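J.: Take a look at the following structure, please.
The values are calculated or read from the model by the stated rules, or taken from the named source; none is laboratory data. Here the structure is a predicted model, which is why all the values come from computation and not from measurement. Neighbour counts run over all protein chains shown; Cβ positions are idealised from the backbone, glycine included.
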Amino acid sequence: MPLLPPDRRAEAVVIACAAASLVLLALPDSRQDSLARSVNHVVTLPVSRVREVFSGYLRLRTENANLRRQLQEARIELSDSDIVRAQNQELSALLDFADHLPVHLTAARVISRDFATTPSVMIVDAGGTDNVTAGLPVVTDEGLVGKVVSVGPGTSEVMLYTHPDFSASALLLGGDHLEYGIVRPSAVGRLQLLLPLRARSEPGDRIVTSGYGGVFPRGIPIGQVTASQEDQRLGLQQIDLVEPVVDLGSLTAVFVLMRGSSPDGSAGDDLRLFWPGYAHPPMAGERLGGRASAVGGDSVTPAEADGDSL
Amino acid sequence: MTNSIRPSNPQTVSPQRYATFVVFCLLAAMVLEDPLAIGGARPDFVFVALTYGALTWHAQAGALLGFGLGLFRDALVLSHFGLHALGMTVLGYGLGKSRETLYLTTPGVDLALLAGGKLVLDVLILGAAASGSWEAFEARFFWESPLSAAYTAIIGGLCRRLFLGR
């Protein structure tokens, strides 16, 4: 026989639950508090764990985003500083070079170039207003770049030594002899030096402009001989392969060598330039290895400058 | 023999679905009630769970649910441990009985029971917590309880539509 009739069970349950609640309420405050905290701990533990994990995830995500941003900024700063340092070194070298060369130089920035594998022309930001005229040599502190072929008010077009129409009268500085020839572009940004068959040359010999021809003064470095070969077609001349000293791909600033601005007012056959690391090429009649005559008051002999003896 | 009139359209919520609904309400009570508070009014998700449980399974289940959910609320409040258990036991029983006796089972009636039950619960809780001080009771009851009851009814209606599909 059931203890309670079915229609009174609900009342019995509510009375029991209410009694239990009253018992809980009647507990001393400290006991009530500890009981409430225990139940609270059990009840809120999963949520607090989830909340901790979630807030930790959010915090890590924010921190990760901040660190990524800082890393990006640091990379950009590092990249900027590398670029600035490289530009600084390049411009310092150019300034130092311009100070020591006994001719007037007009500095110009490269503002455009063709992006072919081998560039052949470029535009610089010096033009007619800077007294630049067509035919003037264009150089860097390393050596020959090309020559000005057309001039606008503020810009000039420069034919690079890789241009198919480029050529320059050249002087090979051998160990104890000089050889005259013509430098022309070859394939893939290299140069070739055309010499008479009787000429002697060895890999490592330096090539400078000879000063003959009226465009380039004597002594502008062009490159170094890397190999010699005989003209296969006619057998009338010797062809030396020349590695240029100027890397056209990394060129950002150049100098235009102004005509008639040398101390003696000329820029032709009788002007000899001193380039860092190069000796003054001897003029006709002078003995190779002898003391070169200085052009300008601040010129020094090659031996005094860098110990290079030719 | 009872004189109550059984509803013509008995509730058909499965225990599994209701259990899911209760879990949601308990989580919402811990996580959502404070963010959802507007002034002193806040929805009572625990009471929403109790109301729909009592209306579905009537007085006996309502009383047991009220006791359990009341203890949960007491554990969250951390004062007068057992007070919510007592109040919600009584209300669970009352809501279950009302479903057994009321003929109407429309959602509007459920919402009215929800709001009314919340108001009665606040009277019980605030009255007991005020310990006989009328000023303490009215300071909270008249500002918070009617709005909280309406808010709870609105939230309860939304939850019912989302979880119980009625």
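J.: For residues in the stretch A:1-60 being of a type in the set (D, E, K, R) and more than 60 Å from the chain's Cα centre (by Cα), which is farthest from B:Leu86 (Cα to Cα)? Write out each step before concluding.
T.: Start the filter on the stretch A:1-60 by keeping residues that are of a type in the set (D, E, K, R), which leaves A:7-9, A:11, A:29, A:31, A:33, A:37, A:49, A:51-52, A:59.
In the following step, the residues that additionally are more than 60 Å from the chain's Cα centre (by Cα) were identified as A:7-9, A:11, A:29, A:31, A:33, A:37.
Details: A:Asp7: 22, A:Arg8: 19, A:Arg9: 18, A:Glu11: 14, A:Asp29: 17, A:Arg31: 18, A:Asp33: 17, A:Arg37: 18 Å.
Among them, the one singled out is A:Asp7.
J.: Of everything in the stretch A:189-201 that's modelled with pLDDT under 85 and either among the β-branched types (Val, Ile, Thr) or farther than 19 Å from A:Glu142 by Cβ (or both), which residue is surrounded by the fewest Cβ atoms within 10 Å (Cβ to Cβ)?
T.: Going residue by residue through the stretch A:189-201, those that are modelled with pLDDT under 85 are A:189-190, A:196-201.
From what is left, the residues that are either among the β-branched types (Val, Ile, Thr) or farther than 19 Å from A:Glu142 by Cβ (or both) are A:196-201.
Details: A:Pro196: 11, A:Leu197: 10, A:Arg198: 7, A:Ala199: 19, A:Arg200: 14, A:Ser201: 21.
That would be A:Arg198.
J.: Give the number of residues within the stretch B:65-81 that are surrounded by fewer than 24 Cβ atoms within 10 Å (Cβ to Cβ), facing chain A (nearest Cβ under 7 Å) and assigned to a loop (DSSP other than H, G, I, E, B).
T.: 2
J.: If you don't mind, another one. Would you point out the residue of the stretch A:122-164, among those that are touching a residue at least 40 places away in the same chain (Cβ under 8 Å) and more than 27 Å from the chain's Cα centre (by Cα), that is nearest to A:Leu248 (Cα to Cα)? Please lay out each step first, then the result.
T.: Residues of the stretch A:122-164 touching a residue at least 40 places away in the same chain (Cβ under 8 Å): A:122, A:124, A:126, A:130-133, A:135-145, A:147-148, A:155-156, A:158, A:160-164.
The next check asks that each one be more than 27 Å from the chain's Cα centre (by Cα); those that pass are A:131, A:133, A:135.
Details: A:Asn131: 24, A:Thr133: 22, A:Gly135: 19 Å.
Looking at residues that are touching a residue at least 40 places away in the same chain (Cβ under 8 Å) and more than 27 Å from the chain's Cα centre (by Cα), I get A:Gly135.
J.: Got at least one residue in the stretch B:127-148 being in contact with a His (Cβ under 8 Å, 6 or more places away or on another chain) and aliphatic (A, V, I, L, M)? Talk me through it step by step, then tell me what you get.
T.: Taking the stretch B:127-148 and keeping what is in contact with a His (Cβ under 8 Å, 6 or more places away or on another chain), we get B:128-129.
Among the residues that remain, those that are also aliphatic (A, V, I, L, M) are: B:128-129.
Taking every residue of the stretch B:127-148 in turn, at least one turns out to be in contact with a His (Cβ under 8 Å, 6 or more places away or on another chain) and aliphatic (A, V, I, L, M).
Residue-by-condition table, conditions (1) away from chain B (no Cβ under 11 Å); (2) farther than 24 Å from B:Ala29 by Cα; (3) surrounded by fewer than 10 Cβ atoms within 10 Å (Cβ to Cβ):
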residue: A:Arg8; (1), (2), (3): no, yes, no
residue: A:Val13; (1), (2), (3): no, yes, no
residue: A:Ala18; (1), (2), (3): no, no, no
residue: A:Val23; (1), (2), (3): no, yes, no
residue: A:Asp29; (1), (2), (3): no, yes, no
residue: A:Ala36; (1), (2), (3): no, no, no
residue: A:His41; (1), (2), (3): no, no, no
residue: A:Thr44; (1), (2), (3): no, no, no
residue: A:Arg68; (1), (2), (3): yes, yes, no
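J.: Looking only at the stretch B:36-54, count how many residues are assigned to a helix (DSSP H, G or I), more than 12 Å from chain A (Cβ to nearest Cβ) and crowded, with 24+ Cβ neighbours inside 10 Å.
T.: Residues flagged as assigned to a helix (DSSP H, G or I), more than 12 Å from chain A (Cβ to nearest Cβ) and crowded, with 24+ Cβ neighbours inside 10 Å within the stretch B:36-54 amount to 8.
J.: For the structure I just gave you, tell me whether B:Leu147 is surrounded by fewer than 17 Cβ atoms within 10 Å (Cβ to Cβ), touching a strand residue (DSSP E or B) at 6+ places or on another chain (Cβ under 8 Å) and in a helix (DSSP H, G or I).
T.: Considered against the rule, which asks whether it is surrounded by fewer than 17 Cβ atoms within 10 Å (Cβ to Cβ), touching a strand residue (DSSP E or B) at 6+ places or on another chain (Cβ under 8 Å) and in a helix (DSSP H, G or I), B:Leu147 comes out as yes.
J.: Follow-up. Residue under question is B:Phe137, and the condition is that it be touching a residue at least 40 places away in the same chain (Cβ under 8 Å) and buried (at least 17 other Cβ atoms within 10 Å of the Cβ); does it hold?
T.: Details: touching a residue at least 40 places away in the same chain (Cβ under 8 Å): no; buried (at least 17 other Cβ atoms within 10 Å of the Cβ): yes.
Criteria not met by B:Phe137.
J.: Mind telling me which of the residues A:Ala93, A:Ala134, A:Ala107, A:Ala98 ends up being in contact with a Ser or Thr (Cβ under 8 Å, 6 or more places away or on another chain), of a type in the set (A, V, I, L, M) and closer than 29 Å to A:Ser210 by Cβ? Step through it out loud before you land on a result.
T.: Working: A:Ala93 fails: in contact with a Ser or Thr (Cβ under 8 Å, 6 or more places away or on another chain); A:Ala107 fails: in contact with a Ser or Thr (Cβ under 8 Å, 6 or more places away or on another chain); A:Ala98 fails: in contact with a Ser or Thr (Cβ under 8 Å, 6 or more places away or on another chain).
Unique residue meeting the criteria: A:Ala134.
J.: Select from the stretch A:142-177 the residues that are assigned to a loop (DSSP other than H, G, I, E, B) and hydroxyl-bearing (Ser, Thr, Tyr) and list them in ascending order.
T.: Scanning the stretch A:142-177 gives A:Thr155, A:Tyr161, A:Thr162, A:Ser167.
J.: Scan the stretch A:53-74 and give yes if some residue there is within 30 Å of B:Gly70 (Cβ to Cβ) and not hydroxyl-bearing (Ser, Thr, Tyr), otherwise no.
T.: Yes, the conditions are met somewhere in the stretch A:53-74.
J.: Given the conditions (1) under 21 Å from B:Ala153 (Cβ atoms); (2) modelled with pLDDT under 85, which single one is not true for B:Ser133?
T.: (1)
J.: Does B:Leu114 satisfy the criteria of being under 19 Å from A:Gln32 (Cβ atoms), in a helix (DSSP H, G or I) and more than 11 Å from every other protein chain (Cβ to nearest Cβ)? Break it down into steps so the answer makes sense when it comes.
T.: Values: under 19 Å from A:Gln32 (Cβ atoms): no; in a helix (DSSP H, G or I): yes; more than 11 Å from every other protein chain (Cβ to nearest Cβ): yes.
So B:Leu114 fails the test.
J.: Kindly evaluate A:Leu191 against the criterion of being in contact with a helix residue (DSSP H, G or I) (Cβ under 7 Å, 6 or more places away or on another chain), under 29 Å from A:Ile111 (Cα atoms) and in contact (Cβ under 8 Å) with a residue 24 or more places away in the chain.
T.: Spelling it out, it is not the case that A:Leu191 is in contact with a helix residue (DSSP H, G or I) (Cβ under 7 Å, 6 or more places away or on another chain), under 29 Å from A:Ile111 (Cα atoms) and in contact (Cβ under 8 Å) with a residue 24 or more places away in the chain.
J.: What pairs come out if I take residues in the stretch B:84-109 that are under 12 Å from B:Leu55 (Cβ atoms) and within 12 Å of chain A (Cβ to nearest Cβ) and pair them with residues that are surrounded by fewer than 20 Cβ atoms within 10 Å (Cβ to Cβ) and among the basic types (Lys, Arg) whose C-beta lies under 9 Å away, six or more apart or interchain?
T.: Close Cβ pairs satisfying both conditions: B:Glu100/B:Arg6.
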